[in-house]
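Undergrad: My structure is below; once you've seen it, I'll send some questions.
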Amino acid sequence: MSDTSDIAASNGNNLSEVDITSTKPTSFTIIIYTLYILLWTTLYIIAIHLEFGTVYLIVSILYAIWKNTRTGPKKQGEVSAYSVFNHNCEAIAGTLKAEQFEQEIRYGSLNVR
């Protein structure tokens, strides 16, 4: 085993879990994002001046959608939102299954397992 996995095993932590509570932005990150916004705004003003403002806005939105979509492979043991891709077709928590919906229609939501 590597040193990182030994430390994680001894602490009882799982390396695949991400701690989302410690995502406080640093001042450097804030400055970088501010510069990105200023650059985008400047280019947008130039595009408006050249009468391509709408095209620039649409391309920017499509780029943002593409950038925020994961294009890499799924991590080991990670479940998919689509149950047909999971082991034994397991559904993720919070998924409304047809059987559950049918029971709620027939018996009300209080009598569901």
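The values are calculated or read from the model by the stated rules, or taken from the named source; none is laboratory data. On a predicted model such as this, the values are computed, not experimentally measured, just so you know. Note that each Cβ is placed from the backbone with ideal geometry, even for glycine, and that neighbours are counted across all protein chains shown.
Undergrad: I want to confirm something. Restricting to the stretch 8-54 and keeping residues that are among the hydroxyl-bearing types (Ser, Thr, Tyr) and outside any helix (DSSP H, G or I), which single residue is modelled with the highest pLDDT?
TA: Thr26
Undergrad: Moving to a separate point now. How many residues are assigned to a loop (DSSP other than H, G, I, E, B) and either surrounded by 10 or more Cβ atoms within 10 Å (Cβ to Cβ) or under 13 Å from the mean Cα position of the chain (by Cα) (or both) when one looks only at the stretch 61-75?
TA: Summing the residues that are assigned to a loop (DSSP other than H, G, I, E, B) and either surrounded by 10 or more Cβ atoms within 10 Å (Cβ to Cβ) or under 13 Å from the mean Cα position of the chain (by Cα) (or both) in the stretch 61-75 gives 6.
Undergrad: Would the stretch 85-102 turn up any residue that is in a helix (DSSP H, G or I) and either among the acidic types (Asp, Glu) or at pLDDT 85 or above (or both)?
TA: Yes, because at least one residue in the stretch 85-102 is in a helix (DSSP H, G or I) and either among the acidic types (Asp, Glu) or at pLDDT 85 or above (or both).
Undergrad: Being free of Cβ contacts under 8 Å to residues at least 24 places away in the same chain and at positive phi is the filter; apply it to the stretch 76-93 and report the residue that is surrounded by the fewest Cβ atoms within 10 Å (Cβ to Cβ).
TA: Per the stated criteria, the residue is Asn88.
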